[in-house]
1. Only one residue in A:V242, A:V248, A:V277, A:V286 is touching a residue at least 12 places away in the same chain (Cβ under 8 Å) and closer than 22 Å to A:V156 by Cβ, so which one is that?
2. Mind checking whether some residue in the stretch B:129-147 is of a type in the set (D, E), within 30 Å of B:E239 (Cα to Cα), under 19 Å from the mean Cα position of the chain (by Cα) and within 14 Å of chain A (Cβ to nearest Cβ)?
3. Can you pull out the residues in the stretch B:165-208 that are in contact with a helix residue (DSSP H, G or I) (Cβ under 9 Å, 6 or more places away or on another chain), open to solvent by 10 Å² or more (accessible area, probe 1.4 Å) and in a helix (DSSP H, G or I)?
4. In the stretch A:409-427, which residues are assigned to a strand (DSSP E or B) and free of Cβ contacts under 8 Å to residues at least 60 places away in the same chain?
5. Given the conditions (1) in a helix (DSSP H, G or I); (2) within 14 Å of chain B (Cβ to nearest Cβ), and given that A:G198 satisfies all but one, which numbered condition is not satisfied?
6. Does the stretch A:204-238 hold any residues that are open to solvent by 10 Å² or more (accessible area, probe 1.4 Å), within 14 Å of another protein chain (Cβ to nearest Cβ) and either within 25 Å of B:H201 (Cα to Cα) or not in a loop (DSSP other than H, G, I, E, B) (or both), and which are they?
7. Would you confirm whether any residue within the stretch A:239-252 is open to solvent by 10 Å² or more (accessible area, probe 1.4 Å), assigned to a helix (DSSP H, G or I) and of a type in the set (K, R)?
8. Give me a count of the residues in the stretch A:52-66 that are under 14 Å from A:L29 (Cα atoms) and either touching an Asp or Glu at 6+ places or on another chain (Cβ under 8 Å) or open to solvent by less than 10 Å² (accessible area, probe 1.4 Å) (or both).
Amino acid sequence: MNARPRLRALINARLLDPATGLDSSGHLLIDGTRIADFGPRLFNDGLPPEAEVIDLTGACLAPGLVDMRVQIGEPGNEHKETILTASLAAAAGGVTAVACLPNTDPPIDDVSGLEFIARRAREVKLVKVFAQAAVTRQLGGKELAELGLLAEAGAVAFTDGTKAIADARVMRRALNYARTFGLLIVQHPEEPTLAAGGAMNAGELATRLGLAGIPAAAEVIMIERDLRLVELTGGRYHIAHVSTALAVDVIRQAKQRGLAITCDTAPHYFSLTESDVGDYRTFAKVSPPLRSETDRQAIIEGLADGTIDVIASDHTPQDQDSKRLPFAQAAAGIIGLETLLPLTLSLVNQKRLDLMTALRALTERPARLLGQPLGRLTIGGPADLVAFDPEIAWRVDETALRSKSKNAPFDGLAVRGRATRTLVDGRTVFALE
Amino acid sequence: MNDLAPPLAQAPACDRSGASTGAPAFLFPHRDLLAIYGLTAAEIFPILDLADHYVALNRRPNKKSALLSGRTLVNLFFENSTRTRTSFELAAKRLGADVINMAVDGSSVKKGETLIDTAMTLNAMHLDVLVVRHPESGAVKLLSRKVNCVVINGGDGNHEHPTQALLDALTILRRKGRLDGLEVAICGDILHSRVARSNIHLLNAVGARVRVVAPPTLLPAAIGRLGVDVHHRMETGLEGVDIVMMLRLQLERMQGQFIPSVREYFHFFGLTREKLAFAKPDALIMHPGPMNRGVEIDSEVADDIKRSVILDQVELGVAVRMACLDILTRQAGDQP
C-alpha cells in the first residue's frame with residue numbers, strides 16, 4: 001500500500017457538490033484518503049510534481065453515492081449475494097457507501113451481527129458497508145431490540161427490513177425510545193393484512209392474470225397511522241421505498257404542516273409500472289409492487305419538489321431458483337446497485353429532474369440521514385468520489401452485472417449515463433474499461 | 001380401451017384436408033392454448049365448428065379415430081380434477097392418442113422438484129401434447145416456455161381455463177344458434193374463477209354482452225375494466241338475460257372470509273326459480289361443475305331439463321377438447 005502515491009490529482013472535471021450547489025469545471029486533489037482541495041483554480045500554479053494525475057475531461061466528479069437501502073444476503077444467503085459481490089456491484093455503480101438491511105439469516109438484531117458485517121466489510125475493503133439493525137428482536141415485530149447498544153456498535157438506522165412494524169404499540173414505543181439516542185426508525189410501509197397473499201399491484205392486469213392484488217391503500221394506511229405516532233412521540237421516522245401517488249400526497253402534506261419526516265423511493269418505481277409484469281415476469285415482482293403510470297408520475301413529481309428526499313436502490317438479489325416459479329410463489333426483489341445512477345440520470349436526461357436535485361437525493365441527503373460525514377465534497381473529508389459521464393448511452397446487460405444474482409428487469413434497457421471511475425478513501429475501486 | 005382398434009379411416013371429422021367442413025384446413029396461429037385472452041373471433045370459431053363435427057363422432061357406437069395415432073398426451077394435474085382430466089383423456093383416446101395421467105399434488109414440491117424440473121423431465125420424453133392444471137396463476141405459461149410440445153392450459157390458478165370457455169360457447173351456440181348480441185350473466189365467485197375470466201374474454205371477442213353478478217368481496221377490484229357490466233344483486237343482474245352461468249363458490253381457495261355464511265350467500269346469490277324468473281323465459285342455465293347444490297344453485301333449477309344445459313356442457317367438453325387436440329397438433333406435426 002505504501003507504493004501508492006499520497007497525492008492524486010483529478011483534473012478537468014465538472015465538479016458537482018449538491019451539498020453546496022457547486023457546479024463548475026475544475027480539479028480535485030486527494031492526499032492519501034482525504035480530499036486535500038478542489039476548485040476551478042486549484043492548479044493555476046501548476047500540478048504538484050509528485051501527484052498521480054487522472055484526467056477526467058468530459059466527466060462529472062461528484063461525491064460517491066450513498067445507498068441507504070441494500071440487501072446483501074451475507075450472512076445466510078451467500079448464494080444470492082455476498083459482501084464482496086455487492087461491493088463490486090456498488091463500486092461499478094458509483095456507490096461508495098451502502099447501508100445494508102438487517103433481514104439476514106440470522107437477522108442483525110444484536111451486536112455480534114453488526115461486528116460480523118463490519119469485519120467482512122474490512123476484509124473486502126471496497127466500498128463502505130454500514131449496517132441497519134433490527135427494530136424488533138428476530139424481526140418479529142413484538143419485542144424491541146437493544147437499540148442503544150446496537151447504535152453504539154455502529155448501526156446507522158433501524159428497520160425491520162422488508163417487514164412492516166405492524167403493531168401500533170410497538171411502533172409507538174420504538175419511535176419514543178429511539179428518541180433517547182436520536183435514532184432513525186425506517187418503516188416498510190405496508191399494512192400486512194391488506195397485502196397478505198398479494199403478488200402485484202391491484203388493478204386491471206392483476207384481475208386479468210388472476211393474481212391477488214396489493215392495493216395502494218395498503219401503503220398509505222400504514223404511513224398515515226405512523227404519522228400520527230410520529231406526532232405523538234416526536235420520533236425520527238423515515239419511510240422506505242414509496243411507491244404510490246397516495247403516499248406522496250400524504251407525505252407532502254405532512255411535511256407542509258411541519259412534520260420532520262423523510263422518505264425514499266427506488267428507481268424501479270419511477271422507471272417501471274405494473275405493466276412490466278406483462279405475462280407473469282417474475283423479475284418485475286417486487287415489494288411494494290410496481291404501480292400504475294399515475295403513481296410513477298407522482299413519484300417523479302415527488303422527487304422534483306423534494307417531497308421524496310432520497311433515492312435508494314432497494315437492491316434485493318434473488319437467485320434463479322427463487323424467481324423461476326409461478327408468479328405468486330416467486331420471491332420479490334430487483335437488484336439495483338449498478339442501475340441506480342443511470343436510471344436516475346435518465347430522469348435528468350428526460351428533463352424531469354435537475355441534476356443537482358438528483359445527486360442530492362443520492363449523496364448528501366442519505367448521508368445526513370445515516371449520520372455519516374459523506375456525500376459531499378469537503379476539504380479534509382473522505383475522498384469518496386464518483387466520476388460519471390452523463391451522456392454515455394449503453395444497454396443494461398444482465399450478464400455483465402457484477403451482482404451475484406441477475407434479477408434485473410431492466411435487462412436490455414437503453415440508458416444514458418454511467419459511472420466511469422469510483423474512488424473510496426482515495427483509492428480507485430472501479431474504473432470503466 | 002383397445003388402442004389397436006381399426007381406425008375410422010373414412011370418418012369425415014378426421015380428414016385433415018378439412019373437406020368435411022368444405023373449408024381449407026384451419027391453422028391455429030399459436031403453438032399452445034394457454035388463454036382465451038388475445039384470441040380473435042376468427043381463431044375461436046374454427047375450433048367451435050370443428051368441435052361441432054366431433055359431437056357427431058362421439059354419438060356413434062364406434063367413437064375411435066386414428067388421427068392422433070402414435071401421438072402421446074400427458075395430463076399433468078397439480079390439482080384435483082375429475083371431469084376435466086377425464087374429458088381430455090377421452091378426447092385424446094377417441095382420436096387414437098396414447099394417454100398418460102400424472103396427478104402431482106404437493107408431493108413433488110416436497111421432494112424438491114420444481115415445476116421447471118418437471119417440465120424438462122417430461123420434455124425429454126418426447127411428448128406431443130401436455131395438458132396442465134396448476135393451482136397457481138401463470139404456472140402453465142411458465143412451464144410452456146420450457147417444453148417443445150403443444151401445451152394446453154387445463155386451468156391455472158385464478159387465471160384462465162380456455163377449453164371450458166370454448167365448450168361453454170359451443171353449448172350456447174348449439175342451443176341459441178348465435179353468440180353475438182346475447183346477454184350473458186356470470187354469477188358468483190368471480191374472484192377465484194378462471195372459468196369466469198376465460199368466458200369474459202371469449203364472449204367479448206365474439207360480440208356477446210357480459211354481466212357479472214356477485215357481492216363486491218367476490219369480484220376483483222378492476223373487473224369492470226375487462227369489459228363487463230357489474231351487478232351486485234341477482235334481481236337486476238339477471239334481468240332479461242339469455243344465459244345464466246353459475247360459478248362454484250370456491251371455499252377451498254378462500255384466504256379469510258369473503259361472505260358471512262353459506263346460508264346468507266344462497267339467500268342472496270343462489271340461483272332459485274324465483275331469481276331465474278328475472279331472466280328471459282328461455283334463458284339457459286349453465287354451470288362448469290362440480291356444483292355445490294344448495295349453495296350457488298338450487299337442485300330444482302340445476303336439474304330442470306328444459307332450462308339446464310349442464311350435462312350438455314359435459315358432453316360438448318369432450319368434443320371441444322378433440323377439436324383443440326386436432327387443431328393444435330396440425331401446427332406441431334403437419335405444418336410444411
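The values are calculated or read from the model by the stated rules, or taken from the named source; none is laboratory data. Since the model is a prediction, treat every value here as computed from it, not as a measurement. Glycine gets a Cβ as well: all are built from the backbone with ideal geometry, and neighbour counts include every protein chain shown. What goes into the accessible areas is simple: the full protein's heavy atoms, side chains included, and nothing from ligands, DNA or RNA. Shrake-Rupley method; radii C 1.70, N 1.55, O 1.52, S 1.80 Å.
1. Values: A:V248 fails: closer than 22 Å to A:V156 by Cβ; A:V277 fails: closer than 22 Å to A:V156 by Cβ; A:V286 fails: closer than 22 Å to A:V156 by Cβ.
Exactly one residue qualifies, and that residue is A:V242.
2. Restricting attention to the stretch B:129-147, the residues satisfying the condition of being of a type in the set (D, E) are B:136.
If we keep only those that are within 30 Å of B:E239 (Cα to Cα) too, we end up with none.
No.
3. Listed by number, the residues that qualify are B:L173, B:R174, B:R175, B:R194, B:V195, B:H201, B:N204, B:A205.
4. Step one: filter the stretch A:409-427 for residues assigned to a strand (DSSP E or B), giving A:414-424, A:427.
Hit for the stretch A:409-427 is A:A414, nothing else.
5. Just one mismatch for A:G198, condition (1).
6. Listed by number, the residues that qualify are A:E204, A:L205, A:R208, A:L211, A:A212, A:G213, A:I214, A:P215, A:A217.
7. First, pick out the residues of the stretch A:239-252 that are open to solvent by 10 Å² or more (accessible area, probe 1.4 Å): A:245-246, A:249-250, A:252.
Now drop any that are not assigned to a helix (DSSP H, G or I), which leaves A:245-246, A:249-250, A:252.
Now narrow it down to the ones that are of a type in the set (K, R): A:252.
Yes: one or more hits.
8. Step one: of the stretch A:52-66, the residues under 14 Å from A:L29 (Cα atoms) are A:52-56, A:61-63.
Still in the running and either touching an Asp or Glu at 6+ places or on another chain (Cβ under 8 Å) or open to solvent by less than 10 Å² (accessible area, probe 1.4 Å) (or both): A:61-63.
Total meeting the criteria: 3.
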